[in-house]
Structures are given as C-alpha cells and as structure tokens.
Amino acid sequence: MSLVLGRFCFSFRSRLWRSLPGCQETLDRLHCPGIGPQVASLHASAVASAGHNKWSKVKHIKGPKDAARARLFAKLTMMIKVAVKEAGPNPDFNPFLYQLVEQARQRNMPKSSIEAAIKGEEKSKPTSYALYQARGPGGCSLIIELLTDNTNRSFAELRLLLNKNGGTHTDVLHCFDKKGVVTIQTQDRNGKPVQMEQALDWAIQAGAEDVQEVQDEEEENDIYKYICDLSSLRDVRSQLISFGLVPISSGPEYLPNITVQLSDTDKERVFKLLELIKDQPDVMRVYDNIE
C-alpha cells in the first residue's frame, strides 16, 4: 500500500511541477534526476561522450599524423627533384634517386606522386642543399639539413625561431660524424621478427660498424639502423637485402660523437623548438646530440 501511495505522490508532484509556468522548459533543459526523465539524460550524455571521443582521436591522432605524412611527402618530392637535377631521371644510373624512390615506396607515397616528382624537375625552381648549425636550450647541438631555393631566406627564418626559443646560430659540426645509415624493418620479408642478436650477427657479416634499435618518428614503430662508412653504404645495403631484410631508407646521416644530458625543463624547450623547426617547409632533417 505504501509503495502504491509513493508512486501516486511522485506522479502527482511531477504533474504539479510541469503545470507551473516555465517549469517544464527548465526541467527539460536540466534533466534533473528524480524529477525529469532519467533515460533522456543518460542518452544525451552518451551521445555527447561518443562525439567527444571521436573528435579527440581525429584531432590528436589522425590530424598530426596526416600533417606529418604530408610534410614527409613534400620533402621527398624536393629531394627527388634535386637528385634528378644532379644525375638524371633514370634510377638505374642514379643511385641517390634509386634510394629516394625506394624510400618513397616504403613510406606508401603514391606512385603517381613519385613519377610526377621525377618528370616535373625541369619545371621546379633552382634548389640547393644547405646545412644550418645551431646550439639549442641546455647547450645541445643541432644540425639542420635544408633544401631551399633561397638560402638567405631559410637561414633568416631559422635564426628567428632560435632567437625566440633559447637557441643560437653557431658551429657544432665537430660534435657529429657523417656516417652511412641503412634503416631496416624489424621483420624480414616473410614477416618473421628479427631479434637483436641476429641483427648484430648480420651487421658483422655485412660490414657495418653497429646496429641500433630505435623508433621510427613517422610510423611510430621499432626499426633497425645499420651504421657504416659512407663508402660502403651501397654494399652494406645489398648484403642486408640478401639476408632477407627489408630496407626502409639508406643514405648519409650526422650521428653525435658527443652527447649532452638535459634537465626536464630544457627538454621541453628543445622539443618545442624541434617541432617548430621541422614545420619549416625547407627543412629535410634535424639531428641533435641529446642523450
């Protein structure tokens, strides 16, 4: 009996509230528990949550990845055009172009974009390769590789970024060694994982000086980097392929011979500066000596 009376009183109170001027609109807007319909409130909150999660994924994951891929393709296009200008459009007679085309394919660059980059060289502006050396926050050293049609403009833009973010233009080339690097997938051509012990054994057989396991900045997965003298780069790459490994890229890189440790504050400042530098359209790669 008390349960029936309770339900009757609850129903009467609800009708009484809704009969007052403006209260129905207020209740519908607030979805007050115990007075307004709880099911509507739960449904609305679920939809809002799903929409928020979807937007977060698009904004924080898909967006930055798409932007990074677009920058990578633009830089590969520039490098291909320079390679064609220096040694012709035939990859069979242009080793640097061959390596770039292979790298573009490994990065899933569309075939039409690769062909357009090769054929469109004569229409492009004159482009030159340049190095910009700098000291970043905390005393770290930076080498910035550029492909630009205006060196003075590119240097001025980098100088401005450095001045605003705790860096300065200075000679740091002595802190790095120029080496040949072959980047390899951690799985062989059959999809079988390659353990570090086996990778080291193949490095010795191929004539490489060292092999390191690092994370690919673009794809965010683990890769192997085989390090060797520049003069033996092509032979090392061929040997690694003969072992069944899958190359991603190969070419010269600047590797630090002196490293520095940074405080958490300086690391945050450096990472912010590096992101700004990498966003510059003329920048190909940035090397640092942060431990």
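The values are calculated or read from the model by the stated rules, or taken from the named source; none is laboratory data. Since this is a predicted model, take the numbers as computed values, not measurements. Cβ placement follows ideal geometry from the backbone for every residue including glycine, while neighbour counts extend to all protein chains displayed. Ligands, DNA and RNA are stripped out before the accessible areas are found, and what is left, the full protein with its side chains, is counted by its heavy atoms. Shrake-Rupley method; radii C 1.70, N 1.55, O 1.52, S 1.80 Å.
Of the residues GLN185, GLN215, the single one that is on the phi < 0 side of the Ramachandran plot, of a type outside the set (Ser, Thr, Tyr) and surrounded by fewer than 18 Cβ atoms within 10 Å (Cβ to Cβ) is GLN215.
Taking every residue in segment 133-153 that is without any contact (Cβ under 8 Å) to a residue 60 or more places away in the chain and under 17 Å from LEU173 (Cα atoms) and pairing it with any residue that is open to solvent by 30 Å² or more (accessible area, probe 1.4 Å) and assigned to a loop (DSSP other than H, G, I, E, B), at least 6 positions away or on another chain, the pairs with Cβ-Cβ distances below 9 Å are GLN133/THR170; GLN133/ASP171; ALA134/THR170; ARG135/THR170.
The number of residues in segment 136-168 that are assigned to a strand (DSSP E or B) and crowded, with 16+ Cβ neighbours inside 10 Å comes to 8.
Kindly establish whether ASP264 is free of Cβ contacts under 8 Å to residues at least 24 places away in the same chain and over 30 Å from PRO193 (Cβ atoms). Spelling it out, ASP264 is indeed free of Cβ contacts under 8 Å to residues at least 24 places away in the same chain and over 30 Å from PRO193 (Cβ atoms). Among the numbered conditions (1) among the polar types (S, T, N, Q); (2) within 30 Å of ILE241 (Cβ to Cβ); (3) touching a helix residue (DSSP H, G or I) at 6+ places or on another chain (Cβ under 7 Å); (4) exposed (fewer than 13 other Cβ atoms within 10 Å of the Cβ), the only one that SER113 does not meet is (4). Tell me, which residue of segment 234-251 that is of a type outside the set (Lys, Arg) and touching a Ser or Thr at 6+ places or on another chain (Cβ under 6 Å) is surrounded by the fewest Cβ atoms within 10 Å (Cβ to Cβ)? In this case the residue turns out to be ILE248. Residues in segment 84-105 that are under 18 Å from THR183 (Cβ atoms) and surrounded by 14 or more Cβ atoms within 10 Å (Cβ to Cβ): PRO95, PHE96, LEU97, TYR98, GLN99, LEU100, VAL101, GLU102, GLN103, ALA104.
Quick grid of which residues meet (1) without any contact (Cβ under 8 Å) to a residue 24 or more places away in the chain; (2) surrounded by 17 or more Cβ atoms within 10 Å (Cβ to Cβ); (3) hydrophobic (A, V, I, L, M, F, W, C):
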position	(1), (2), (3)
ASP171	no, no, no
LYS179	no, yes, no
ASP201	yes, no, no
GLY207	no, no, no
ASP210	yes, no, no
ILE223	no, yes, yes
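Determine, yes or no, whether ASN108 is among the polar types (S, T, N, Q), open to solvent by 20 Å² or more (accessible area, probe 1.4 Å) and farther than 20 Å from ARG285 by Cβ. In short, no.
For every residue, the table says whether it meets (1) hydrophobic (A, V, I, L, M, F, W, C); (2) touching a strand residue (DSSP E or B) at 6+ places or on another chain (Cβ under 7 Å); (3) buried (at least 18 other Cβ atoms within 10 Å of the Cβ); (4) over 15 Å from ILE144 (Cβ atoms).
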position	(1), (2), (3), (4)
LEU230	yes, yes, no, yes
GLU253	no, yes, yes, no
GLN261	no, no, no, yes
THR265	no, no, no, yes
LEU273	yes, no, yes, no
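Being under 25 Å from the mean Cα position of the chain (by Cα) and of a type in the set (Asp, Glu) is the filter here, so list the residues in segment 152-207 that pass it. If the condition is that a residue be under 25 Å from the mean Cα position of the chain (by Cα) and of a type in the set (Asp, Glu), then GLU157, ASP177, ASP188 are the ones that fit.
VAL260 passes every criterion in (1) at pLDDT 95 or above; (2) within 16 Å of the chain's Cα centre (by Cα); (3) not charged (D, E, K, R) apart from (2).
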